[in-house]
Amino acid sequence: MALNGTKPRKRLTREESQAQTRATLIAVGRSHFLRYGLGGAVAEKIAEDAGYSRGALYSNFDGKEDLFVAVIHEEQARHLNVFRSLLKEEPSGKKRLKKMRDAIADLMTDHDWIVLRAEFEVGALRSERIRQSFVEVHRQQLRDGSELIKDLLRFPEVTSKLKPDDFITVIINLAHGLAVTQRILGAELSQKSTRSLVQSLFDHLISSA
């Protein structure tokens, strides 16, 4: 028993320690990718700022690109959890639809996600390895997004002009492209206007009676 009366800290297992290391590297890597971009971020500096050696990074990831893809996967999982939690307790199809519309508009105008997604796209154009990861993420987005849309379409008052897969493809790519343009133009196209346009696009494609 510790002298100060507190319980000694539980010793982490090897798996828990590795998971903690990966989580820290992903969090620090995310901040570096946002600040410096995929091309400007340096693996050794990420490891240093995370409090680990260069070897620790390379024992958990194949390199900077692999770490970046891990950041994207974590972002995707977090977004999906947000959508699922928003819709889980809502029995009304009309209210579910509005919550999803607003959540998509929020996500597509979120500065961090705009930057990370744009970096992902540029990386996919330049690196075959990242392109393959982009394809995998896109397919997972279609699967996850389609399930959410199919769940909405279970309600008779909700109708869509597109199949679930097509709806997700259109809303993600058109809304993101609009959001990137807004970040570049600044005040010429406000974030509020962009959010409203994303909501209008959503309402044009899927609606409730």
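From the alpha carbon centroid of region 137-172 to that of region 180-207 is 20 Å. Taken over region 129-209, the convex hull of the Cα atoms encloses 88 Å³ per residue.
Taking all protein chains as present, what is the carbon and sulfur share of the accessible area of the chain, in % to the nearest whole number, probe 1.4 Å? Intermediate values should be presented prior to the final figure.
Values: 6400 of 12230 Å².
About 52 percent, which is the carbon plus sulfur part of the accessible surface.
Per residue, the solvent-accessible area of the chain (1.4 Å probe, heavy atoms of protein chains only, all protein chains present) comes to 59 Å².
How big is the dipole moment of the chain about its Cα centre under a simple scheme where the beta carbon of each Lys and Arg is +1, that of each Asp and Glu is -1, and everything else is neutral? Debye, nearest 20, please. Show your work: numbers first, answer last.
Working: 33 positive and 28 negative charges, 115 e Å.
Computed about the Cα centre, the dipole is about 560 debye.
Given the rule -39500 (n - 2.57) for each run of at least 4 DSSP H residues, summed and divided by the residues of the chain, what is its mean residue ellipticity at 222 nm, to the nearest 500 deg cm²/dmol?
Working: 9 runs with 161 residues, N = 209.
Result for the chain, helices only: -26000 deg cm²/dmol.
Seen against the Cα atoms of the chain and their longest principal axis, helix 164-185 is set at about 70 degrees. For region 111-123, the Karplus equation 6.51 cos²θ - 1.76 cosθ + 1.60, evaluated at θ = phi - 60°, returns couplings of 4, 4, 5, 4, 5, 5, 5, 5, 4, 4, 5, 4, x Hz by residue, with Gly and Pro reported as x. Pairs 94/163; 99/161; 163/192; 99/150; 95/163: which are spaced more than 23 Å apart, C-alpha to C-alpha? The answer is 163/192. Remark: spin-label model distance residue 11-residue 95 equals 5.1 nm, labels positioned 7 Å along the Cα→Cβ axis.
Using θ = phi - 60° in the Karplus curve 6.51 cos²θ - 1.76 cosθ + 1.60, the 3J(HN,Hα) couplings for region 41-55 round to 5, 10, 4, 5, 6, 4, 4, 4, 5, 7, x, 10, 7, 4, x Hz; x is entered for Gly and Pro.
Counting only C-alpha contacts under 8 Å and six or more residues apart, can you give the relative contact order of region 140-209 as a whole percent? Write down the numbers at each step before the final one.
Numbers: 47 pairs, mean separation 27.9, N = 70.
Averaging sequence separation for qualifying contacts and normalising by length gives 40 percent for region 140-209.
The values are calculated or read from the model by the stated rules, or taken from the named source; none is laboratory data. Nothing here was measured: the structure is a model prediction, and the numbers come from that model. Neighbour counts run over all protein chains shown; Cβ positions are idealised from the backbone, glycine included. We work out accessible area using only protein heavy atoms, side chains counted, and drop any ligands, DNA or RNA first. Shrake-Rupley method; radii C 1.70, N 1.55, O 1.52, S 1.80 Å.
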